[in-house]
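Trainee: Got a structure here, written out as structure tokens. Questions coming.
Since every read-out is calculated from the coordinates, none of them should be taken as a lab result. Only a predicted model underlies this, so the values are computations on that prediction, with no experimental measurement involved. Here the Cβ positions follow ideal geometry from the backbone for every residue, glycine too, while neighbour counts run over all protein chains shown.
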Amino acid sequence: MNPSSTRSLGTLPALAIALSLVVPALAPAGHAAMISVTNPGFESPALADGTFNTTVLPTGWSAYGYVDVFAGRDLGVLNPATTVLYAEPVPEGSNVGVVFLLTGGPTESGLQQTLADTLQVGMTYTLNVQVGNIAPDGGSFDFTGFPGYRVDLMAGALLIASDNNTLLPGEGRFLQSTVTAVIGASHPAAGQPLGIRLVSLDGPTGIEVNFDDVRLEAVAIPEPATTSAMVAGGLLALASIRRQIRRRRREEAHAGRG
């Protein structure tokens, strides 16, 4: 083996150390914290397979918009197992949330929840919700079509981010809606309770939207000064290690000539 090649291998551990120090500094990552949502999978009230309940609201959720059980505008939960309403098991648990709007439209309505956590500045909030398009099953109601949906992230009475019907799940399918809100150093709703709204737009086709697996997380946005300091520190560390590598190479070259 060429002696110079042997000496050059000695720099690899040092380079690996350099990269391990510098890369994290150049790409600081925030830690995602899950925000508590009551009954995020609509498992309460519990249901037997193939049944639904629109006489009580899902635990932790309240009504939004025009809801009247005697007018065919119902909210509740559904366990579609053993039916043809969904082609695959639901995204989380056994149940899904129900927004069933047969008459009285078009008037958007749905489920909402006010959370214990409040809106904080310097945070990125990400709300993920599974949106389902129930399939026809040959029963009393024709579930063909999709009435449209909206997923809202609220702070007090203020809407801070929304997904307004950007997805179209196939019949008997779910798709994930993602809503993101980046909150800077100040915000008019800072300190207000966070809220989630799951809405059927009550469009001309379809009579029901289902929701499942509601998840909200928050990640702190690194302050510019902190990020700059970390980057500068990483670059200084890299420069120092490069100087050490060059000095080591000179010493090895000197020893080789001796």
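Trainee: Of (1) within 20 Å of VAL77 (Cα to Cα); (2) in contact (Cβ under 8 Å) with a residue 40 or more places away in the chain, LEU216 satisfies all except one. Which?
Mentor: (1)
Trainee: For the range 108-122, give me each residue that is more than 18 Å from the chain's Cα centre (by Cα) and of a type in the set (Ser, Thr, Tyr).
Mentor: SER109
Trainee: Filter the range 148-187 down to residues that are within 27 Å of ILE221 (Cα to Cα), aliphatic (A, V, I, L, M), touching a residue at least 24 places away in the same chain (Cβ under 8 Å) and not in a loop (DSSP other than H, G, I, E, B), then give me how many there are.
Mentor: Residues flagged as within 27 Å of ILE221 (Cα to Cα), aliphatic (A, V, I, L, M), touching a residue at least 24 places away in the same chain (Cβ under 8 Å) and not in a loop (DSSP other than H, G, I, E, B) within the range 148-187 amount to 11.
Trainee: Ok, one more. State which residue is surrounded by the most Cβ atoms within 10 Å (Cβ to Cβ) when the search covers only the range 36-54 and only residues that are touching a Ser or Thr at 6+ places or on another chain (Cβ under 6 Å) and at negative phi.
Mentor: Top of the filtered list is SER44.
Trainee: Same structure again: What are the residue pairs meeting all of these: first residue in the range 72-86, first residue surrounded by fewer than 17 Cβ atoms within 10 Å (Cβ to Cβ), second residue not small (Gly, Ala, Ser), Cβ atoms under 7 Å, and 6 or more apart or on different chains?
Mentor: GLY72/LEU102; GLY72/THR103; ALA81/ASP49; THR82/ASP49; VAL84/ASP137
Trainee: Name the residue, out of GLY139, GLY145, that is touching a residue at least 60 places away in the same chain (Cβ under 8 Å), part of a loop (DSSP other than H, G, I, E, B) and surrounded by fewer than 19 Cβ atoms within 10 Å (Cβ to Cβ).
Mentor: The match here is GLY145.
Trainee: Identify all residues within the range 50-76 that are more than 28 Å from the chain's Cα centre (by Cα), within 23 Å of ALA87 (Cα to Cα) and in a loop (DSSP other than H, G, I, E, B); write none if there are none.
Mentor: Matches in the range 50-76: GLY50 only.
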